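A quick write-up on the structure given underneath.
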Amino acid sequence: MNRLTFWRLLPFAVLVVFTAPLLIVLSSLFGDYSENWSHLFQFVLFDYVSSSFILVIGVSILVLILGTVTAWTVTSYNFVGKNIFEWALILPLSIPPYILAYTFTGLFDHYGDANNLARLLLNLQNSTAIFPNVRNIYGAIIVFSFTLYPYVYLVSRSAFINQSRSMKESARMLGLNQFQVFYKLALPLIRPAVIGGLMLVIMETLSDFGAVDHFAIQTFTTGIFRTWYGLYDIQTAMQLASLLLLTVGVFYIAERSTRSSGIYTSNNSTFSPSKEDSLVGYKALTAFLICFIPIFIGFILPIIELILWAYEVNLEFFNQKFISSSINTLSLSLVTGMICAGLALLINFSIRYKPSALVQRFSSLLSIGYAVPGLILAVGMVQLLVYVDALVLSGLDIVITGSLIGLVLAYVIKTYALANSSIESGYERISSSLDDSSKLLGSSGWSMLSSIHVPLLKTSILTSVLLVMSDVVKELPATLILRPFNFETLAVSTYIYASEERMLQAAAPAIAIVLIGLIPIVFLSKMIRSSRPAH
Amino acid sequence: MSNLILEIKNLCHSYSEHALSIENINLEIGSRDRVSILGPSGCGKSTLLRLIAGLEKPDQGEIKINDIKVSDNKNLIPPEKRNIGLVVQEKALFPHLSVFENICFGIKKNKDKDLIASELLNLLKIDSLKNKYPHEISGGEQQRVALARSLAPKPNFLMLDEPFSALDEDLKETLYKDISQVFSDMSSAILLVTHDRNEAEIMTNKQIRMEEGKFI
């Protein structure tokens, strides 16, 4: 194979591997339907659909309110703490929904810490509970909303910053008050951006397994898991997974189309950034609370609870199991990060080196994995590995089903988009005239990649490895299914302890997950600070 | 005219279906010629240089370098195998390499690379910048480094695409003088693209006017 063919074929070859598990899952729709399917169809499928629907609607409403109102508050007003709130409002992104769910039950169950404290303070009897039960769909709505609202906050804030001051001032002159300017003018103008953020929230909600499983809510993901591990029927599990995949696909397409449609922004060359109104007194307090409450519920409260749990077991959590889970997690995430960064580098280079509209279109499909629920990837991956073992490796006496290969491959498919976005934006900053000069000086292909692009992309490569690592550390359902026997990661340890209601022991791995999850938040917060109108 | 080093016949190229960027260009350059192509922005001058360099593929016509066909609508010898130097307005210095490393980039495998680089540093009066990085030197100095880098592999001929247009007038005058001297000392041909008649007259001995993709 000559080098031109290699660079042209690379994206297609990777696409085949990335989409194979998904195509295997979808192909199940054309296979046989067992009695289990009939049972599910008659008795529980409606529950899966209705719970998922209520969850999506509830989370969407709450996330829209939290995301847009906080974004409007920090972009339109000046008040105590505003500079901190601007970036602190994304902190809840570092807490996976399942960890917030565990801390919520630890706090708000009948004998949870919050109810115990309230009874102590108010001198009430043990039978009295101040806070309501959260192990239900409403609790799940709150959990998802307070961990996922930053997706809407981030896009809304960026869109509000780009709205012209003169436009808002004209609206005020035409008789609209501050609140009317927000909901009649500013909000409709950022609608496409908000819808894009909301689609991501919906995809995350539909993909979740850990939180809904902890709250015992019947959704597609819990249904797939039970069908497979309870009824041992992988065909029916794949058929259920196909339905979920098709549903997620609709939201994925909607999200992509909102990206291409863009947002309504001022194209006036005399654009002036919005002026912030300074608030004092009760107005400043209200703005403070609007921003503080989401951070308190989505980040501070779970962190306090986790620290209290960890403190209660002293240093006992720091045992052999915790150390081995940490090493397993870090090794897996590092390997995945390096593979994703390497692949993203090669594919972006191939697009740049041999530009072709077809290659570019196929390469953009490689990012589809971020929208696919981990559970579906796991189901498809197991089947793919079984086929590979049976058809390719049978003569070699090698079995890869149940090995780490499948798990790493699933991680790579799921997180490739994160690595790609970092490397892609790094490449945008390298002038094509450098490539021309390099070629004319006799350095092309691998030589250009290693001597010019890699040194210039060092920061982007490092960022992409870190972003992937922080996401892999949080991943639960695919890890749970694809891990080798007795192989534990921090997420699996947290899940197992929490499912055994051993919350104190779950604290240490959960804190470790949150700490690693803070890595991308640091990058994002830097971007937020540099994107203030004054900059 | 001395021996032909560049021969272009009936060259046509377009970036889109409806607009030709280069239309039926014919050009011959001898091994010691210093030719400039004068024309307004967007007339196709830079595209012509990119076609000669092998960075674009022509739709029609052919390009020969040293009597070897390097481009036609079917075959394309890649840029790295043409031994042509190109200096562009934005200099395109590699930001992670020092001045010395930039100059040596195209002659990494040459055992005399240190000597060649030192001679060029001296010739272009940039010896003191040897260990500096592109962001640490001025625009005029960067242009001298870009020129030294292009000259290091001893190219068949050198192409310059608006190399001085981003510089101020005083600096241009100094560079014209210094670089004209360098060109006089060199044995390779030069093809300069510019919109500045004064620059073309000082730097080259033959000027060709180009408009809307055609020589006029």
(message) For the stretch A:388-406, which positions are surrounded by 14 or more Cβ atoms within 10 Å (Cβ to Cβ) and among the hydroxyl-bearing types (Ser, Thr, Tyr)?
(response) A:Thr401, A:Ser403
(message) So, A:Ile368, is that one under 30 Å from A:Ile430 (Cα atoms) and in the same structural domain as A:Asn420 (by TED's automatic domain parsing) or not?
(response) yes
(message) Take B:Val35 and tell me if it is among the hydrophobic types (A, V, I, L, M, F, W, C), within 14 Å of chain A (Cβ to nearest Cβ) and in a strand (DSSP E or B).
(response) no
(message) Tell me which helices (runs of 4 or more DSSP H) are completely within the stretch B:70-161 and hold 3 or more residues being open to solvent by less than 70 Å² (accessible area, probe 1.4 Å) and facing chain A (nearest Cβ under 9 Å), or say none if there are none.
(response) B:139-151
(message) Condition (residue is of a type in the set (Gly, Ala, Ser), in the same structural domain as A:Asn162 (by TED's automatic domain parsing) and modelled with pLDDT of 95 or more) applied to the stretch A:333-349: is it met by at least one residue?
(response) no
(message) Among the numbered criteria (1) away from every other protein chain (no Cβ under 14 Å); (2) within 22 Å of B:Leu175 (Cα to Cα); (3) open to solvent by less than 10 Å² (accessible area, probe 1.4 Å), which one does B:Ile63 miss?
(response) (2)
(request) State whether one or more residues within the stretch A:490-504 are in contact (Cβ under 8 Å) with a residue 40 or more places away in the chain, within 14 Å of chain B (Cβ to nearest Cβ) and assigned to a helix (DSSP H, G or I). (result) no
(request) Among the candidates A:Ser76, A:Ser156, single out the residue that is touching a strand residue (DSSP E or B) at 6+ places or on another chain (Cβ under 8 Å), open to solvent by less than 60 Å² (accessible area, probe 1.4 Å) and closer than 21 Å to A:Ser530 by Cα. (result) A:Ser76
(request) Output the number of residues of the stretch B:162-182 satisfying the condition of being assigned to a helix (DSSP H, G or I) and under 28 Å from B:Ile5 (Cβ atoms). (result) 9
(request) Return only the number of the condition from (1) touching a residue at least 24 places away in the same chain (Cβ under 8 Å); (2) open to solvent by less than 20 Å² (accessible area, probe 1.4 Å); (3) farther than 30 Å from A:Arg191 by Cα that A:Ala114 does not satisfy. (result) (1)
(request) Residue by residue through the stretch A:185-196, note down the ones that are modelled with pLDDT of 85 or more and open to solvent by less than 40 Å² (accessible area, probe 1.4 Å). (result) A:Val194
(request) Can you run down the residue pairs with Cβ atoms below 9 Å, 6 or more apart or on separate chains, where the first is in the stretch B:125-151 and under 13 Å from B:Leu86 (Cα atoms) and the partner is part of a helix (DSSP H, G or I) and open to solvent by 40 Å² or more (accessible area, probe 1.4 Å)? (result) B:Gln143/B:Leu171; B:Ala148/B:Leu123; B:Leu151/B:Leu123
(message) Scan the stretch A:27-45 and tell me whether some residue there is closer than 18 Å to A:Pro373 by Cβ, free of Cβ contacts under 8 Å to residues at least 40 places away in the same chain and not assigned by TED's automatic domain parsing to the domain that holds A:Phe220.
(response) yes
(request) Please tell me if A:Asn133 is assigned to a loop (DSSP other than H, G, I, E, B), under 23 Å from A:Thr205 (Cα atoms) and open to solvent by 10 Å² or more (accessible area, probe 1.4 Å). (result) yes
(request) Output the residue which, of all residues in the stretch B:162-171 that are away from chain A (no Cβ under 14 Å) and touching a helix residue (DSSP H, G or I) at 6+ places or on another chain (Cβ under 7 Å), is most open to solvent (accessible area, probe 1.4 Å). (result) B:Leu171
(request) Could you tell me which residue of the stretch A:413-464 is most open to solvent (accessible area, probe 1.4 Å), considering only residues that are at the interface with chain B (Cβ under 10 Å from one of its Cβ atoms), assigned to a helix (DSSP H, G or I) and β-branched (Val, Ile, Thr)? (result) A:Val454
(request) Name every residue in the stretch A:365-397 that is touching a helix residue (DSSP H, G or I) at 6+ places or on another chain (Cβ under 9 Å) and of a type in the set (Ser, Thr, Tyr), in order of residue number. (result) A:Ser367, A:Tyr370, A:Tyr387
(request) Go through the residues of the stretch A:236-245 one by one and say whether even a single one is open to solvent by less than 60 Å² (accessible area, probe 1.4 Å), of a type in the set (Val, Ile, Thr), at pLDDT below 90 and part of a helix (DSSP H, G or I). (result) no
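Suppose we filter the stretch B:64-80 for residues that are in contact (Cβ under 8 Å) with a residue 24 or more places away in the chain and within 16 Å of the chain's Cα centre (by Cα); how many remain?
2
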(request) Return the only residue of A:Phe108, A:Phe182, A:Phe146, A:Phe104 being open to solvent by less than 60 Å² (accessible area, probe 1.4 Å), aromatic (Phe, Trp, Tyr) and either at pLDDT below 85 or not assigned by TED's automatic domain parsing to the domain that holds A:Leu64 (or both). (result) A:Phe182
(request) Exactly one condition in (1) closer than 30 Å to A:Gln235 by Cα; (2) surrounded by 22 or more Cβ atoms within 10 Å (Cβ to Cβ); (3) of a type in the set (Val, Ile, Thr) is not met by A:Ile368; state its number. (result) (2)
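The values are calculated or read from the model by the stated rules, or taken from the named source; none is laboratory data. Keep in mind it's a predicted model, so treat the numbers as computed, not measured. FYI the Cβ positions are ideal-geometry reconstructions off the backbone, even for glycines, and counts take in every protein chain you see. When the accessible area is computed, the model is the full protein with side chains, heavy atoms only, and any ligands, DNA or RNA have been set aside. Shrake-Rupley method; radii C 1.70, N 1.55, O 1.52, S 1.80 Å.
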